[in-house]
1. Can you tell me which of B:50, B:14 is farther than 15 Å from residue B:99 by Cβ, in the same structural domain as residue B:80 (by TED's automatic domain parsing), surrounded by 14 or more Cβ atoms within 10 Å (Cβ to Cβ) and not hydrophobic (A, V, I, L, M, F, W, C)?
2. Return the only residue of A:125, A:131 being farther than 22 Å from residue A:334 by Cα, of a type outside the set (Phe, Trp, Tyr), touching a Ser or Thr at 6+ places or on another chain (Cβ under 9 Å) and modelled with pLDDT under 95.
3. Condition check: crowded, with 24+ Cβ neighbours inside 10 Å and part of a helix (DSSP H, G or I). Does residue A:174 satisfy that?
4. Of these, B:8, B:28, which one is of a type in the set (S, T, N, Q), within 30 Å of residue A:156 (Cα to Cα), open to solvent by 10 Å² or more (accessible area, probe 1.4 Å) and within 20 Å of the chain's Cα centre (by Cα)?
5. For the stretch A:281-288, does any single residue satisfy the condition of being among the basic types (Lys, Arg) and over 15 Å from residue A:396 (Cα atoms)?
6. Yes or no: residue B:159 buried (at least 16 other Cβ atoms within 10 Å of the Cβ), touching a Cys at 6+ places or on another chain (Cβ under 9 Å) and not assigned by TED's automatic domain parsing to the domain that holds residue B:269?
7. Pairs under 8 Å by beta carbon, first residue farther than 15 Å from residue B:63 by Cα in the stretch A:251-270, partner in a strand (DSSP E or B) and open to solvent by 10 Å² or more (accessible area, probe 1.4 Å), six or more apart or different chains?
8. Here is a check on your reading of the model: is residue A:49 without any contact (Cβ under 8 Å) to a residue 40 or more places away in the chain, touching a Ser or Thr at 6+ places or on another chain (Cβ under 8 Å), closer than 25 Å to residue A:330 by Cβ and within 14 Å of another protein chain (Cβ to nearest Cβ)?
Amino acid sequence: MNEERKEVWITGIGIISAIGKDVYSSLAYLKSGQSPLRPLQFTNSIHSGKYIGGAVDLSEEELNSRLKLVDRGYNRTAKLAIWAAGQALEDAGLFPALAKITSVNATTVGGMALTEKYYNEIFKEDKIVDENFLNQMDSGSVSRAVRHYFNLNKWHYHISTACSSGANAIMFGARLIRTGDTQVVLAGGSDSMSKFVLNGFLSLKNVDPLLCRPFDRDRFGLNLGEGAAYLVLEEKQHAIKRNKKPLAKLSGYANTSETYHITGSSPDGKGAYQAMSNAINMAALKPDEIDFVHTHGTSTIDNDLAESSALKRLFGNKIRFGSSKTYTGHTLAASGAISSVLTLGMMKEGFIFPSLNFNNPIEETGLIPVTELVENPDLRHCMVNSFGFGGNNTSLIYSSPA
Amino acid sequence: MMYIHRYNYVLPESCPDLPYLKLGKPNNMDLLEKNEMRRLAPIILHALGSALFTALKDKTEIAGIITGTGRGCLSKLEQFLNDMDSYHETALNPTVFIQATNNTIGGLIAQKLDTGAYNVTFVNQGLTVLNVLKDSQIISMENPEKMVLFGFFEENTDFNQMIHDQSSYLNSPDGSKIIYGEGTSFFLASQKREKALAKIDEFQLIPTTLNFEKPFTFEELHPNAEIKGCTAFYLGYNNLFEEKEYYHELIQFASQKNIAIIPFKKQTGDFDTSSSLALAMAIEKLATENIQTIYIFNHYKRLSLTMIKLSKPS
């Protein structure tokens, strides 16, 4: 392997979530200090209207029409992924895409909304279901759809590590470039709303029916969201050759396993600490050189205590950090990619968004997130955290281009 | 390139009351706690037992745990869906929900091995095996002094079988049935040749300009390759249609060159990660028989075609 590691530049970004259908509108919403989260509606569910969350206000028909989808071989998760991926490719000046671009995708639920819709019909009523739906119930169908829609490299990747999936897709994409396997990667994550996931998190007793309170002493749980975000990762010399300026470089990343509990985080956040610490080491930075941490910050009792403890241990009391989950909801596999795109947008436009619904610090750490809009901060190095079930912890560091 | 130092796999068995091959009782349960055996799904027990058996013999430092599955733990996913229906979305068991999450097995392996190493799960239909091999190779090359544990798990269920039965993708064009299966396999790999059982030389997604319209030739699948020494082909045909329409030329070529043919899906059944069981069986063959080189050729639903080449470590 080439010991002279290649530098990974970010040359395009795209996003869709409850706060916007593109980067520009999403950043504008993030500055507003308002939460768009609303009661979630589900067909045939006792929970419909009872829990707020971040749904994308586009119907299946609207998505089909806007994406010009003529066949029905795409589930909602795939459509959201295609929406965001198209923006990223266009931003990078790579649209229409080239077959040499490798896609690294991520979902947790994939076509779950279809599975739960047709499960009883197929299984219990022995009904014949349209074949277009049968082939898009699994997670990998999303990856296949993104590759097929943009005619990307046929060898594509799909990661599913619960809520850290999107961040792991970005990290894996960077590793493909650094090892010389490929020069351009489209990496990101996508997830859509489903009754299965809402019921799953309700069974874990960590859904807040009201607006979530990240890093607040009285936090209760998360709000679900849906969306997608993608980044174009490009080997530095490849971008230079086509005169493409980077948004930032991906200077550090790390993934660790916590080995504490299959869902809960350790109170001292040892996995989060290790991921952040390893990423900083890789970037050859010191902790005090990190200007902002876009946290995982789900507002669950366990996550926020663990992450807050790890932040305090690594950075002390002075670190600027925040959670965007009150804006987007927790978008599961998309969350690490969404946080990345929002962070890259903040670095470009020069602001830090206000974290919402924070009143009192967690007693064990006393850390307070940024709660007011900060304009023109000097954001040279920003960290994005993304953690998931299985004790899976990933940290990414984006640095301004030199 | 990676050297394989240890492996374990579990093949499915024929069951008189099922239209697909099914895993039997889990092995290596002495490596698990009683409460784990009580609450975990059979596929998770199988995979966990296989992974621990593979990783625990030598106390080597592990640089990464990489798992792959096409469909994940379907039985728990379906149980949660059934429970949502039966209990009207109340009183649901979080353990069932968690086990339906694709990276639960990777997380449990890390817990049991008490390692904070890199841990990723790939879920990508017929490309899953190549996804896992690629990441394992990168991790191995990034950490040449350490081992990488990678593995696969797949479960079939009556619901999944019903989807297969209804989808034309999943049956041969002449109407021939495909026998489905399930299984698990784990591998300990590194860049070190010493004491290795086998070497994974290369793995490829074959450009499918072939389009499954005529049988593949060896030259198309692996251009300019020479057959040297005692060689075997593990081929992914599941019924007579696939044998005749896709693999006929390869079988003829093998016959002319005195190459052994192993139609591995007779033992594994078909599923998204079936190549992984072929990989395990091929490693076993290289380790125990006078075979120098093995090629695994497998197709996935007339969508993709993959090749893995292995050899005896020299």
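1. One residue alone meets the criteria, B:50.
2. Answer to the selection: A:131.
3. Values: crowded, with 24+ Cβ neighbours inside 10 Å: yes; part of a helix (DSSP H, G or I): yes.
Considered against the rule, which asks whether it is crowded, with 24+ Cβ neighbours inside 10 Å and part of a helix (DSSP H, G or I), residue A:174 comes out as yes.
4. Going through B:8, B:28 in turn, just one is of a type in the set (S, T, N, Q), within 30 Å of residue A:156 (Cα to Cα), open to solvent by 10 Å² or more (accessible area, probe 1.4 Å) and within 20 Å of the chain's Cα centre (by Cα): B:8.
5. Applying the first criterion (among the basic types (Lys, Arg)) to the stretch A:281-288 yields A:286.
Next cut, over 15 Å from residue A:396 (Cα atoms) only: none.
No, every residue in the stretch A:281-288 fails to be among the basic types (Lys, Arg) and over 15 Å from residue A:396 (Cα atoms).
6. Answer is no for this residue.
7. That search, which allows pairs on different chains as well, returns A:251/A:381; A:265/A:387.
8. Numbers: without any contact (Cβ under 8 Å) to a residue 40 or more places away in the chain: yes; touching a Ser or Thr at 6+ places or on another chain (Cβ under 8 Å): no; closer than 25 Å to residue A:330 by Cβ: yes; within 14 Å of another protein chain (Cβ to nearest Cβ): yes.
Answer is no for this residue.
The values are calculated or read from the model by the stated rules, or taken from the named source; none is laboratory data. The structure displayed is predicted, hence computed values, not measured ones. Heads up, the Cβs are rebuilt from the backbone with ideal geometry, glycines too, and the neighbour counts pull from every protein chain shown. Areas reflect the complete protein model, heavy atoms only, side chains present, ligands, DNA and RNA absent. Shrake-Rupley method; radii C 1.70, N 1.55, O 1.52, S 1.80 Å.
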